[in-house]
Amino acid sequence: MKKTVLATALVSLYAPSLFAQEADSTKVDETIVVTANRFEQTQSSALASVSVVEREQIEQIQADSAYDVLRTLPGVQVVPQGTKASSNSIFIRGSNSNQTLVLLDGVRLNTAAGATTNTLGLIPAFAIERIEVIRGPRAAVYGSDAIGGVISITTKPQSGSVHELTLNGGSNKYHQEGWRSSGDISDTTTGHFLLSNEGSEGYNITSQPTSNNFGYKSQFFNGGVNTQINNNWSAGFNGMYQTYENQYVSNMPTDTPNKQETDAYNITGTVAYSVEKFESSLQANFSQEKQFDGLDQTNADQTIIESKRSSVLWLNHYKGIENTDLLAGIDYSYEEAHNGGTASDFSENTRNNTAGFVGAHVNLNPVSLEANLRHDENSVYGGNTTWGAGIGWFVTKEIQLTANYGTAFKAPSFFDLYGFGGNKD
């Protein structure tokens, strides 16, 4: 079943001088963003509503996880449902919690099975280099799920050598240990990796006496290498692995809690070509998530949800026309999902999606224009065409008026299509 959402026009003010020191009040913000249109541009030139949080700001607010950072941003609401490993919800501009696209180092975290990913609450703050949040529909650039907005988290340090040890502790036997390193491997190659282990025994969240404390534990790994082959060619590889366990209240009349265990990983390889006015990159990714859910006893009492995703993205950015950026790309994905254990499997387990998209951004100072168009063709639920357009006008050097209009859609999950009460049509 196709679901299309039409986003209303928005008007916003851009006033970076409000946050600058008095001595710098005449400077235009030159913060670089990537998420808005999939190419580098200054935050002031992006017509979408963008918030950027750098590592220095994350340290200042003493955040513990990505959730702590996100809840400080305008238009973003984080609603806790339990521990950090629970299915906490994120709402951007009032959209549903499943209508936000989440990217980690450029890789989609939303799963094919439709199971809620808990990764954000378990990405430790010390691992985060930068967060970009786009408020408003971005399906014309990214496809499904980008209805309320896009959250993009970067863990790779931008430059320099970093070696950090993190140790934290707290009540209910909370603990967190982590290590983060990055630096040069050779004159042309850099590497980075981080490890995190955390957990808590929790506490009794019910109104009845129980021997269970409903705690959680989590391990997180992320690392990769990037190399500059020559003046024009570069390549990179990145991998992420996460495993976590979370206890929650059981509906059974026993003292045994429900337990959710999740193992997830993704690997990504990228090759990029760049000359003065043209950039092209090819990215291949494979991700898998396996979730066990049921009584905290044996696998015989559990349901098992497994989802896999393979994707290839070819992205091209041309800037040979004065004051103009042109974007074009092809996005292909193959998804597989299974519902097993004590549950019945889906009647169909695979699907694929092929998409093509184009975009343009023109700076006519003081007026800027942008437009994006994308078509997704899915093997199960058919095609969806989305588009978006925006206009911006710098009233002064510090104040910009913007208006944006766009369409978006939410692709049905395998549970929506083939689960209990699902509807393929």
Considering only the stretch 42-74, state which residues are buried (at least 17 other Cβ atoms within 10 Å of the Cβ) and farther than 30 Å from residue 203 by Cβ.
-> 43, 44, 45, 46, 47, 48, 49, 50, 51, 52, 53, 55
Subset of the stretch 68-83, residues in contact with a Leu (Cβ under 6 Å, 6 or more places away or on another chain) and at pLDDT below 90, comes to 78
Are any of the residues in the stretch 45-53 assigned to a loop (DSSP other than H, G, I, E, B), out of contact with any Gly (no Cβ under 8 Å at 6 or more places or on another chain) and modelled with pLDDT under 50?
-> no
Taking the stretch 346-379, which residues are touching a residue at least 40 places away in the same chain (Cβ under 8 Å), surrounded by fewer than 15 Cβ atoms within 10 Å (Cβ to Cβ) and charged (D, E, K, R)?
-> 348
Within the stretch 409-416, can one find any residue that is assigned to a strand (DSSP E or B) and either at pLDDT 95 or above or farther than 22 Å from residue 150 by Cβ (or both)?
-> no
For the stretch 96-202, please list each of the strands (runs of 3 or more DSSP E) lying entirely inside it that holds at least 2 residues being within 22 Å of residue 288 (Cβ to Cβ) and at pLDDT 90 or above.
-> 100-104, 149-154, 189-200
Is there any pair with a first residue in the stretch 171-199 that is within 13 Å of residue 224 (Cβ to Cβ) and without any contact (Cβ under 8 Å) to a residue 60 or more places away in the chain and a second that is basic (Lys, Arg) and not in a strand (DSSP E or B) whose Cβ atoms are under 6 Å apart and which are 6 or more apart or on different chains, and what are they?
-> 192/156
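The values are calculated or read from the model by the stated rules, or taken from the named source; none is laboratory data. Keep in mind that this is a model prediction, so the values were computed, not measured. Cβ atoms come from the backbone with ideal geometry, glycine included; neighbour counts cover every protein chain shown.
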